[in-house]
1. How many of the residues making up region 517-533 are closer than 11 Å to Leu586 by Cβ and either of a type in the set (Gly, Ala, Ser) or over 20 Å from the mean Cα position of the chain (by Cα) (or both)?
2. Any idea which of (1) within 18 Å of Leu274 (Cα to Cα); (2) among the hydroxyl-bearing types (Ser, Thr, Tyr); (3) open to solvent by 10 Å² or more (accessible area, probe 1.4 Å) is the one Thr418 doesn't satisfy?
3. Tell me, please, whether a residue that is assigned to a loop (DSSP other than H, G, I, E, B) and in contact (Cβ under 8 Å) with a residue 24 or more places away in the chain can be found in region 353-360.
4. Select from region 322-368 the residues that are crowded, with 23+ Cβ neighbours inside 10 Å and of a type in the set (Asp, Glu) and write down the one among them that is farthest from Tyr216 (Cα to Cα).
5. Of all residues being within 22 Å of Leu468 (Cβ to Cβ) and of a type outside the set (A, V, I, L, M, F, W, C) in region 382-391, which is most open to solvent (accessible area, probe 1.4 Å)? Just the residue, please.
6. Would you check if there is a residue in region 93-108 being more than 26 Å from Gly58 (Cβ to Cβ), of a type in the set (A, V, I, L, M, F, W, C) and either part of a loop (DSSP other than H, G, I, E, B) or open to solvent by less than 50 Å² (accessible area, probe 1.4 Å) (or both)?
7. If Glu444 satisfies all but one of (1) farther than 17 Å from Leu475 by Cα; (2) open to solvent by 10 Å² or more (accessible area, probe 1.4 Å), what's the number of the condition it fails?
8. Looking at region 552-564, I want the residues that are small (Gly, Ala, Ser) and have a partner that is loosely packed, with under 13 Cβ neighbours inside 10 Å and assigned to a loop (DSSP other than H, G, I, E, B) with Cβ atoms under 9 Å, at least 6 apart or on another chain. Which pairs are those?
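The values are calculated or read from the model by the stated rules, or taken from the named source; none is laboratory data. Not measured: the values here are computed from a predicted model. Cβ placement follows ideal geometry from the backbone for every residue including glycine, while neighbour counts extend to all protein chains displayed. Accessible surface is based on the protein model in full, side chains and every heavy atom, while ligands, DNA and RNA are left aside. Shrake-Rupley method; radii C 1.70, N 1.55, O 1.52, S 1.80 Å.
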Amino acid sequence: MSLPIEQYALLSDLESAALVGTDGSIDWLTFPRFDSPACFAALLGRRENGRWLLAPEGEVTRVQRRYRGDSLVLETTFECADGEVAVIDCMPPRDAHLDIVRVVEGRRGTVRMRTELIARFGYGSVVPWVRTVDGAWLAIAGPDALRLASPIDLHGEGDGDLRRSVGEFTVRAGQQVPFTLTWFPSHEPCPEPPEAAGAIRAAEAWWHEWSSQTTYDGPWADEVRSSLTVLKGLTHEATGGICAAATTSLPEELGGVRNWDYRYCWLRDATFTLTALLDAGHTDEALAWRDWLLRAVAGDPADLQIMYGLAGERDLGERELGWLPGYEGSAPVRAGNAAAGQFQLDVYGEVVDALHQGALSGLALDDDAWELQRVLLDHLEGAWREPDEGIWEVRGPRQHFTHSKVMAWVAADRAISTAQQYGLDGPVDRWRALREEIHRDVLEHGVDADGRLVQSYGSRELDASLLLVPLVGFLPVTDPRVARTVAAIEQELVIDDLVLRYRPESTVDGLPGGEGTFLLCTFWLADVQALQGRHQEARARFERLLGLRNDVGLLAEQYDPSSGRLLGNFPQAFSHTAIINTAITLADHSGHARRADGVETRTGPPRGRPDPQHQEDAPC
């Protein structure tokens, strides 16, 4: 059975990822990309679906973990009756190899160790041909091959699906025992593995060099750097795409069906990530993402998808992996995501806003990026009136979601601001008319009789996405409708200081069951409270969220206050961008926000700088 989600740590080589548990088992590994079929899939099933255990053979009395500095090099220390041993794990940033490097290091006494390696390609469905070649363990099935280099001999145990490769050895204080697992295409010669200790040193140096480029030097700087490292670990270095999470099908409700594949590039998620990277001074990643965006969305704006593959692939067909029982019995397990075919109006606003923020943060203006914005606005002039599936990717009927209309307004507003600020050619008068029309429409149809903004036109339901209304500048935070909406959300959608996206018992998403509190929405509430001048409340909520991170600083998508468990895919980019953005927002509104290079961070609403000619204070 898998461990609680919070007991895993992330490894990444910037193109693929693994999750390592506190028990020393790698229960999730995808090679050669984040979205490749896993060769270790015990996370979503049983150990016979693939894992790699490396841990003391006897009883462990204490486990401590840490990332070495600002890196994804993981050190796990096991204390036992007979001594202490550390396992250092990393995936060296990608060059010619696709490796997982593990080194067992004796710290005290003598510890008996065990390794158990079960390779299962195709998400745990394919048992490979395993043999020893030139003294190395080799597993091959179809296009995939794995080679283990180590001084420890492995032998086979068990039969059938339980067949596994096992090794036992003893490690003493001061002794190191290396293991390097290399993936390669089965039709090619196996590359020579790197020297393990040297690979770990090089990985630490690489990560520390990257982290040293961070320019944010305000409050919670350690937490910001930690989350930036996670975001970098979720970035596909070769293409610039940023995946939403490292996993698929970790449930939003234990035993439930809300299990989705998040190993793709959502335009919405990536734009939040872009803002976080720019505010922290990481412009190279922002430029790479902008280039990725222009490639991915090229073509007819009517064909704009909400998500793409790591290289911009559009076909992300969803299927169920019936042989996997799911995390703690949460089935079905899915690969691919059918939401790629949904119409979500808000992504137009997210994309145009991201490009606008990039320009404000110093990214060189790009003719192709401006042309993309113009084309998107042309399409939006007609499309904004259509119902959509909304920010939460509902699998029920399309509706006129209020947040979606607000983000259509954002697209027009940011296009106007960009054109005016940089003297770019565009039909600004037409866009201004569009912006005013959307604004009137939202205030006429998206506000109920009690003066609260509602989830969709004509409904009475609340939605935490409405917290973005003041954050993107659609209405000022002092507007009575904003105040009433925030107060209603605090009363009806908050559990144990954490925020639900909406009431799960409503029929809006077309799915049975419930879910946990949504961490991103809770960060949004802290942002709004800061804008309202409720600084003590905002800071307390932010500190509460930081306290939900696991021992190595990672957050999932959701949290269940009743069980004290993280839920959803892990680690989640949304949650880590929110740590960065909310830290900067709170610092802004306490007068402490400054980058280390002397550049002021953003001021005003955390996301969005509305055109100053726009009169936001519409009549109540």
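1. Number satisfying all stated conditions: 4.
2. Answer for Thr418: the failing condition is (3).
3. No, region 353-360 has no match at all.
4. Top of the filtered list is Asp346.
5. Only one residue tops the list, namely Arg385.
6. Scanning region 93-108 turns up at least one residue that is more than 26 Å from Gly58 (Cβ to Cβ), of a type in the set (A, V, I, L, M, F, W, C) and either part of a loop (DSSP other than H, G, I, E, B) or open to solvent by less than 50 Å² (accessible area, probe 1.4 Å) (or both).
7. Condition not satisfied by Glu444: (1).
8. Ser562/Asp496
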